[in-house]
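First comes the structure, then the notes that go with it.
The values are calculated or read from the model by the stated rules, or taken from the named source; none is laboratory data. As the structure is a prediction and not an experimental result, all values here were calculated from the model. Neighbour counts run over all protein chains shown; Cβ positions are idealised from the backbone, glycine included. Just the protein is used for accessible areas: all its heavy atoms, side chains included, with ligands, DNA and RNA removed. Shrake-Rupley method; radii C 1.70, N 1.55, O 1.52, S 1.80 Å.
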Amino acid sequence: MHPHLFRIGPVTVPTFGAIAALGLVLAISLAARGARVMRLNEDAVWNLCLWMAAGTLVLSRLIIVAQVWKSFAKYPLYILTLPTVTKWGLLLALGSGAVYVLVKRLPWLRTLDALAPAALLLQAFLHLGTHFSGDDLGLATSSRLGVVFGDQGYHPVALYSAVLTLVACAVAFVWLHRESQPGETFGLSLTLAALIRFFVDTLRPGWVLPATMIGNLLRVDQLVLVLLAVAGLSFFFQRKGVRYAQ
């Protein structure tokens, strides 16, 4: 594993941060390309991506500061430079993005279509960064993949996720150019992302997964993933009045 990309004097550049930053730039560029395909205002989509990215970082920092305000009072620079993105910061940023869509009066489904491949691309880079930082190890294995790419013979589940998500991104972007009604690319992306997570989780150790089972068949998180996949497929049902003009 290579958690640090390089060091300049006292400054260390983490590999995860560098890969995530590169993925963000490429994802925003892909979203702008998707906006052109969907005949949306490219500047509005570009600003939406920047708004959500900045909002995620800023809101996550504010939440961390609120949670550890005593430590922040002693070590403010250390707390502010933590690379952590909190789930509440992400949810609040997504909420602010929804408000931006409403204010700019962007069409919901076409906007989601334009953003879906970009979201998958960013997710692939985040998984890749996690692989190099060594924070996501799978089950022990003697397979060549585990020996060559894993850490001491463990399944490199983060690398699996990165490769599969990158393939899903390519499939979604191709579909973006051929979908017959708004929402299909978003639905396809949601389905692929859920199925990838479902598959990769089978290679993760049990102690890192939720223990709650539904009828001794599926874990709660697996049931949620199945429901998300079904929800994604529902966007392929024909809807009156929303098909593209032929």
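Per residue of the stretch 62-70, in order, report the coupling 6.51 cos²θ - 1.76 cosθ + 1.60 (Karplus, θ = phi - 60°) as ³J(HN,Hα) in whole Hz, putting x for Gly and Pro.
5, 5, 4, 4, 5, 6, 10, 5, 5
Of 38, 52, which has the most accessible area and how do the rest follow, probe 1.4 Å?
52, 38
Modelled label-to-label distance, residue 75 and residue 39, 7 Å Cα→beta-carbon offset: nm?
Reported label-point gap for residue 75 and residue 39 is 5.5 nm.
Based on the Cβ-Cβ distance from residue 99 to residue 143, what FRET efficiency comes out when R0 is 51 Å, to the nearest 0.05? Spell out each step's value before the answer.
Working: r = 47 Å, r/R0 = 0.93.
Working from the Cβ atoms, E equals 0.60.
If I stretch the segment between residue 65 and residue 46 completely, what's the gain in nm (0.36 nm per residue apart, minus their alpha carbon distance), one decimal?
Net length gain for the segment: 4.0 nm.
Rank these residues by their accessible area, most exposed first, probe 1.4 Å: 154, 100, 75.
Accessible-area ranking of 154, 100, 75, largest first: 75, 154, 100.
At most 14 other Cβ atoms within 10 Å and a DSSP loop assignment: could you name the trypsin sites (Lys or Arg not before Pro) in the stretch 26-127 that fit?
Of the trypsin sites (Lys or Arg not before Pro), the ones in loops of the stretch 26-127 whose Cβ has at most 14 other Cβ atoms within 10 Å are 39, 105.
If you rank 186, 237 by how much accessible surface each has, with a 1.4 Å probe, what is the order from largest down? Write down the numbers at each step before the final one.
Numbers: 186 55, 237 140 Å².
Result, largest first: 237, 186.
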